[in-house]
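The values are calculated or read from the model by the stated rules, or taken from the named source; none is laboratory data. These numbers come from a predicted model, not from an experiment. Every residue, glycine as well, gets a Cβ built from its backbone with ideal geometry; the counts of neighbours run over all protein chains shown.
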Amino acid sequence: MNPREEQLRAFDRLLTIMDELRAQCPWDRKQTMQSLRHLTIEETYELGDAILDNDLEEVKKELGDVLLHIVFYAKIGSETQDFDIADVCNAISEKLIDRHPHIYGDVQVANEEEVKRNWENLKLKEGKKSVLEGVPKGLPALVKANRIQDKVAGVGFDWERPEQVFAKVQEELREFSNEVRSGDREKMEAEFGDVLFSMVNYARFLDIDPENALERTNKKFMGRFQYLEAKAKEMGKELKDMTLAEMDVFWEEAKDAQSA
């Protein structure tokens, strides 16, 4: 059996199990698209964590969980005769073919940027009124900022050089600093938002994913703080009873341990 046959057989097995669970399991039978939604979001975040940790065994497991949800939604869609898994696969296949005329047509592209630009222009030809229509409203703000900037860049609305973007970051920082001195909280918040937006843009120019970068820092901080908590416990102390100088000793130890 060749690899493609094995893959198709495995996928068919999953579809069969989904049919059986939907027919026989009280919990699976009860689920709707609405009841599954929050679970799907949770599974997607768990996949994101596994990717960030580069835990490939966990990535495999979480991909399975996400795939299960896709199959589940398709099963529900088939029951209402709106769509089934074949429709889902065919729809994405047609979209990929339509959006890649440089592969399936006679369009010539020089690099990745031209591919992205063509992609956004094709979506406008499909009837979208704005390139920003594809940005989900429910995205976390940091991810949304990155997607907004990426999409407008796809139609040429972008800076030319990284140093121009960094100059914008510095400009926004100065404006934020001015509002901090003024003490107007509403204006401070607005300018702080501009600082974050410009930093996300600069990260994009440096090919840094801002969400990944911040999450790595979150994990790093949590690891160091938990090390600090453990050391305080070993000493029989509460953190609130320790001086900053005492805590800093263990903080530096944690940093050394992480970099080792």
Determine the pairs where a residue that is within 13 Å of K144 (Cβ to Cβ), located within region 195-208, has a partner that is outside any loop (DSSP other than H, G, I, E, B) and small (G, A, S) with Cβ atoms under 6 Å apart, the partner being 6 or more residues away or on another chain. F197/A145; V200/A145
Inspect region 193-215 for any residue being surrounded by 13 or more Cβ atoms within 10 Å (Cβ to Cβ), outside the structural domain of E246 (by TED's automatic domain parsing) and over 27 Å from D49 (Cα atoms) and give the result as yes or no. yes
Between T32, T16, T44, which is touching a helix residue (DSSP H, G or I) at 6+ places or on another chain (Cβ under 8 Å), at negative phi and without any contact (Cβ under 8 Å) to a residue 40 or more places away in the chain? T44
Checking L214 against (1) in contact with an Asp or Glu (Cβ under 9 Å, 6 or more places away or on another chain); (2) under 29 Å from K144 (Cα atoms), which single condition isn't satisfied? (1)
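Within region 149-260, which helices (runs of 4 or more DSSP H) (wholly inside it) include 3 or more residues that are closer than 26 Å to R117 by Cα and at pLDDT 95 or above?
Values: elements: 162-182, 185-205, 210-234, 244-259.
Here the list reads 162-182, 185-205.
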In region 35-65, anything surrounded by 15 or more Cβ atoms within 10 Å (Cβ to Cβ) and farther than 19 Å from L214 by Cα is listed as L36, T40, E43, E58, V59, E62, D65
Residues of region 1-47 being within 16 Å of L63 (Cα to Cα) and in contact with an Asp or Glu (Cβ under 6 Å, 6 or more places away or on another chain), in sequence order, are E43, E46, L47
